[in-house]
Amino acid sequence: MTPQDGRRPIKRSTVSDQQRRRELALVRQAQQRSDSQNRARRLASSVLALHSSPEPALPDDAIEPERAPEVDWAQTEADLTESEAPVRDLNVAQASKLRGREARRWFAHQLMLPEWMIDVPPHLDRDWYVFARPAGSRCFVVSSNGTTISRLRNGSVLHYFPSSLPNGSRTRDMSGPASSYCILDCIFHEPNQTYYVIDMVCWRGYSLYDCTAEFRFFWLNSKLAESGACNPTSTYHRYTFSVVPIYDCDQAGLHAAYTSVVPYVKDGLLFYNKHAHYQTGNTPLALVWKDNYCSEYFLDTDSKGLVPTQQQAFAYSRKPVGFDPSFVDCHQVTKFAEAISLSVYHVVLEIQDDGRLTTSDDPPVVFGCVEADFIQKSGLRAGNLLRFAVRDESVSLVDGKLEIGDLQFVSKANRARAFADSYSKVRKKIDLISP
């Protein structure tokens, strides 16, 4: 490890661009109201259309949930579409034909993905919500035409099952017109077999894309309970749905989200701007915070989804001086981040046609490039996600922009992974290792 005095100072610039992008995102969302209903209808249709085959009607005593079959990732990665149309802009007919990488990228861009918190937003106590994120699989749950399907963000089916959601099972009181579909943004928590709903995208055909988070969370808490989806499981309701406790992000709310006991394993804190619409892709209007008190995976995971031994040992033995978990505020959170010091960490980047290595942002941020000879010898292709090791002495901030001088190739990323790290995630890792 490089001696402390010899390290290059790479602390964040005095003015972070995350707040500027938050302001631009709030302005931009006001200009994108027109097609929200079409987007909701397209997503619901695509989730159903991409299912491999329609399910036949079953007798009442034969209805069972289906677990998605194992995916042959080697085959799906080889089965790439030749279409040059931007994946994000495809309609349902085009999306239903996607395979492999392009299918995963399409679904990845349908979810609202938080940026990592690299600065504390102004008016945090007034304009933001906070809640403890459940550990598990992020997915969309769509109920329509008497069926319910959950799809992971890489596009594969997680479960196919009956539910008490509107039009979610084949019963007289739960069926309805095709327009009566619902789309929920969920996290499936394996230990208690529960879908924790963290956002509502569409309810009974009414799109909530252009509604504020304040309204969406209000509807989520009232409508979900009314539907019976939170009731115990039964023949026509195979999995339980539950909401998570959501707090105003004042001192009391932040303390409650951070320290309260919940019926699920925590995986960090999520912060949502109250005025934010449901924006697909990475957005600075939703933020994630992780540390070793509220997440088992706050540093990194390897290609098998496990925390590397070196980082795991460090993370659970390190406790910042002066940190008091009985009293948490934004300054305590910042103090914790600044107390951690690592010499090596991993980032996951996507390789492009010309060899550039980019983040998942739109537009992407370029952190490096690989030569054609290396691509050919390694059997890589455009769209592959690659894991690189980075040492802190090779990183610097130039005019407030992060630059990495040396990327050491480690391996391909987890095959089930849908996209590369975002710029904010890479930046957060830099903050964690900075002196």
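The values are calculated or read from the model by the stated rules, or taken from the named source; none is laboratory data. Bear in mind the structure is a predicted one, so any value in this text is a computation, not a measurement. Cβ: placed from backbone, ideal geometry, glycine included. Neighbour counts: every protein chain shown. Only protein heavy atoms, including side chains, enter the accessible area calculation; ligands, DNA and RNA are left aside. Shrake-Rupley method; radii C 1.70, N 1.55, O 1.52, S 1.80 Å.
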Relative contact order (%) - the stretch 363-411, alpha-carbon pairs under 8 angstrom, separation at least six: 36 percent
Difference of contour (0.36 nm per residue) and Cα-Cα distance, Ala252 to Ile375: 39.1 nm
Per-pair calculated FRET efficiency, R0 = 45 Å: Val261 and Gln19 via Cβ, rounded to 0.05: 0.85
Long-range HN-HN contacts of Ala420 with modeled amide H, under 5 Å: Ser360
Average Cα contact separation per residue, the stretch 124-244, under 8 Å, 6 or more apart, as relative contact order %: 23 percent
Highest average packing first - 385-395, 355-365, 145-155, Cβ atoms within 10 Å: 145-155, 385-395, 355-365
Share of carbon and sulfur in the accessible heavy-atom surface of the stretch 192-236 [1.4 Å probe, %]: 53 percent
Estimated distance in nm for a label pair at Phe409 and Ala225, the labels positioned 7 Å out from Cα along Cα-to-Cβ: 5.5 nm
Formal net charge of residues neighbouring Val27 (Cβ-Cβ distance under 12 Å; K, R +1; D, E -1): +3
Burial ranking of peptide ranges 252-261, 20-29 (average Cβ count within 10 Å, highest at the top): 252-261, 20-29
In sequence order, calculated HN-Hα J values of the stretch 360-375 (Karplus, 6.51, -1.76, 1.60; Hz; x Gly/Pro): 8, 5, 10, x, x, 9, 8, 10, x, 8, 10, 7, 4, 4, 5, 4
